Amino acid sequence: MYKDKPPRTIPDPLEEVMTFILKEAQKVFAIWVLVGIKGLKLYAIMELFRANNACDNDLPLKEDRIPSFTISKESNENVCLIADDDAFCDEDDIYRFCRTQWEFCAPVFDCMKENHDLNEAAILPFTEKHLTSANEGAFGQVLKYTIHKCHIDTTGLIPHPQYVAVKKIKLETQNDLSINIAGWEKEVRALWKMRELRQKHIVKFITAFRLGQDEHYLILEWADGGNLRNLWENFRQPLTAALVKDTFEQLLGLSEALDQVHNPRVRRANEHFRHGDLKPENILWFKDPTDERKIGTLKIGDWGLAKQHQDFTQIRTKQTTTGFGTRRYEPPEEETIENNNLVVPDPHTVHDKIVRKRSRLYDVWAMGCIWLEFLIWIMYGRDALMRFNRSFKKGRTDVVCFYEIDDKGVAKVHRVAEQWMDHMEQDPVCEVGETALGNLLELIKERLLVIKLPDGFGSTLNLPTQQGANNSLSAALPSVMDDPLPRSPPPSITVPQINVVEADPVKDRVLPAAQESFTPKPPPSTRGRRARSDDLFKQMSTIKEDSSDSYWLSGTPLPPPGDAAEDTGNGHGPPVGLPSNPKTTNGDLSVSQDENLALTQMVNFYFCTEL
């Protein structure tokens, strides 16, 4: 650098320096101005940066780099290293420059990058933090942020957002740093793969960023309505055929998303995905900005992060406990294992410790639970749904699930769910084959909330009755991601992972030579067994085909279980601005019927249940 003092007159390469500043170093120039450098001293520093090809693209600069800059004799006779004790640009100037430069280095989050590694001193481009939006989960907190429009690029993914959801991930403090980083990278890579499905009903992952080595974040599209639970609590529109049809559009979309996740059209050998924690809180609600009478769009979110408590091999012990919201939607095979080939030995404990892997059928059961709640909400309203959920009594596991296990260890659909479904079957608006509501109820009862699993699975006896597990199924599963993200230490051992499980085993039948005339049996019937996601999507597509108004809503639903026949709902009037209807039996979803729709004949139906 210039020793002692900068030149008293403007040197010859003025034009080159000005061109350099305007085209390549506007930020560098502004930083030095903020630091307090001016006049010929400022010019001399900018010439120094030009001579060393240090421009805006090199920001942020480390403190030890600037002292190494040199300048040619052709530019000035006073040439030396900048670190001389008597240099006019001293250590304090360099320190102030390096500290101030972060004000000009806010990152631009590009949706085409999986991850952004940021210095811990980086200033994030969020202009407002909406504290009232906080949603604390077991594995991280989600907050709504306003992001500067020039610092996010979602081209080709979603329209340019004003708000984003930022989730801070909680890492296991007892784990080695390299293990946490490796697990984080695999999570990000899996979310990227989910985005590649381009599925309308899956929440869009925008990008991820790591702040230093300890803070890890996800950026996702913001759901302005909250989640499905919020929809059930707050959506107040009259019950019409159009609303029922709109609801079924969303259910069809969710079933298509689940099928696409379970059975991706393009995938590596023996790889597929599953969610593993479907619940209303993980189905996000995006309101329709053009018509408040419509439900909007429902999207499945929280892919993978809720599964960090599982081992890399996707196994899960019976004793693992989480909150009410998660375990409520667990299927009975979480408790029972007869002929269940999801049961494997735990590689981290003694050889006879029994654990189990979660299959894709786990998601199908959870969807059945959610759809039963959705059907109750559509027919009877918010208060009836709350009463339905309160009716469940804690059983032997102290968890309120949609199944129960008797004294012999046999699992069955919970009696409360059975009673409500039996009641709805008696309602003419749920007539099977004639109404959409009836066809949905039949699908839930006969194919979703079903204990029996397809061939290759089994689940009727309680876990303690089994003495061992099938050792042939103990092999670890392949990872979704083979290559780590840049700049991260390699993992030393297996790490928590998500969503990727082995494909269901298919055993080829080999005919013995002595049985050449043997005729293979026809494929087993799926009747009375839980559907797979592809069958669920096909069934929903069939239900959605009819277009007549009477198919979507043939009349006013009868009162819910426990209400007298003359009851008009939960005691609340219709929402403000909606016509009063003396036949309303839907709680907050007030019923609005066209005159040409015949009202359902009212019948006295006395229903006894524990409420």
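No value in this document is a laboratory result; all are computed from the given coordinates. Because the structure is a prediction, the values reported are computed rather than measured. As a convention, Cβ positions derive from the backbone with ideal geometry for all residues, glycine included, and neighbour counts pool all protein chains shown.
I need the calculated FRET efficiency for the pair Asn234 and Lys62, taking r as the beta carbon distance and R₀ as 56 Å, to the nearest 0.05.
Efficiency, rounded to the nearest 0.05: 0.65.
Can you list residues from other chains, or at least 5 along the same chain, whose modelled amide H is less than 5 Å from the amide H of Lys452?
HN-HN under 5 Å from Lys452: Arg530.
Tell me, in nm to one decimal, what length is gained between Asp455 and Arg198 on full extension, where the rule is 0.36 nm per residue of separation less the Cα-Cα distance?
That pair, Asp455 and Arg198, stretches by 89.4 nm at full extension.
Residue separation times 0.36 nm, minus the C-alpha to C-alpha distance between Asp90 and Lys393: what's the value?
101.7 nm
According to a simple spin-label model (label point 7 Å from Cα along Cα-to-Cβ), what is the distance in nm between Ser547 and His130?
According to this spin-label approximation, the distance is 3.8 nm.
Between Leu177 and Glu15, with labels modelled 7 Å along Cα→Cβ, what's the label distance in nm to one decimal, could you check?
For the pair Leu177/Glu15, the computed spacing is 5.2 nm.
With the calculation restricted to Cα positions, what are the radius of gyration and Dmax of the stretch 109-221 in angstrom?
13.9, 40
Within the set Lys129/Lys287; Lys168/Lys279; Lys294/Lys445; Lys113/Lys204; Lys113/Lys144; Lys193/Lys287, which residue pairs have Cα atoms separated by over 23 Å?
Lys294/Lys445; Lys193/Lys287
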